Amino acid sequence: MKYCNLCGHTVSLRIPVSDDRERHVCNSCGEVHYLNPRIIVCSLPCYEDKVLLCKRAIEPRYGLWTLPGGFMENGESTSQAAIRETHEEANAHIDALELYSLFNVIHINQVHLFFRARLQNLDFSAGTESLEVALFKHEEVPWDKIAFPAVASTLQQYFLDLPDSHFPLRLADVNLDKNNNRIIKPHNFSHDNS
Ligand SMILES: [Zn+2]
């Protein structure tokens, strides 16, 4: 950031008293502007042995498939965000949400949450951010056209957990290696998603 959003003066990066890292501090009013990770909330809408995927109508990853999701808004809970995003992107209604996977996406300062959910009915259609919305069985998932590694990981784990209907919370860290490749370090995913 360049300007203070309280008074409009310039900010400088410096370490405030009693802090341990650089912050954007206003050169006029002294306000300290904290930048913290953002939360992305997604749903994994399930119907019988199928999952609902959206083909992206926006960049990045235009034309690739993903689970419905987006930035959490102020004034809502994480599950409300998942329900809202699912409605916006797929005109679909979900309930019975259970937190299923969590990714600390460290290199872009985000936390991604995926809620497993029951798709209430087959009344869904593409929202403005989707080209197409469809249900997929395990063998029908377009694995080479999935938009994001965390989505692919969550889907793979889901279809492994599905036969036993046992869905423990899965945790992973995502970061860049020294060649700037995105690496997923699973804490308790049962498949190799590195
Ligand atoms: Zn200021």
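The values are calculated or read from the model by the stated rules, or taken from the named source; none is laboratory data. For clarity, every value in this text was computed on a predicted model and none was experimentally measured. Here Cβ is always computed from backbone atoms with ideal geometry, including for glycine, and neighbour counts include all displayed protein chains.
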| Under 7 Å by Cβ, and 6 or more places apart or on different chains, what pairs join a residue from region 17-42 that is in contact (Cβ under 8 Å) with a residue 60 or more places away in the chain with one that is within 10 Å of the ligand (Cβ to nearest atom)? | none
| task | Scan region 154-171 and give yes if some residue there is of a type outside the set (Phe, Trp, Tyr) and closer than 18 Å to residue 81 by Cβ, otherwise no. | result | yes
| field | Residues within region 168-182 that are among the aliphatic types (A, V, I, L, M) and in a loop (DSSP other than H, G, I, E, B), tallied | value | 1
| field | Every residue from region 63-96 that is in a helix (DSSP H, G or I) and either touching a residue at least 12 places away in the same chain (Cβ under 8 Å) or under 21 Å from residue 48 (Cβ atoms) (or both) | value | 78, 79, 81, 82, 83, 85, 86, 87, 88, 89, 90
| request: Report yes if residue 43 is small (Gly, Ala, Ser) and in contact with a strand residue (DSSP E or B) (Cβ under 8 Å, 6 or more places away or on another chain), otherwise no. | output: yes
| task | Filter region 169-194 down to the residues that are farther than 21 Å from residue 115 by Cα and aliphatic (A, V, I, L, M), then identify the one that is modelled with the lowest pLDDT. | result | 183
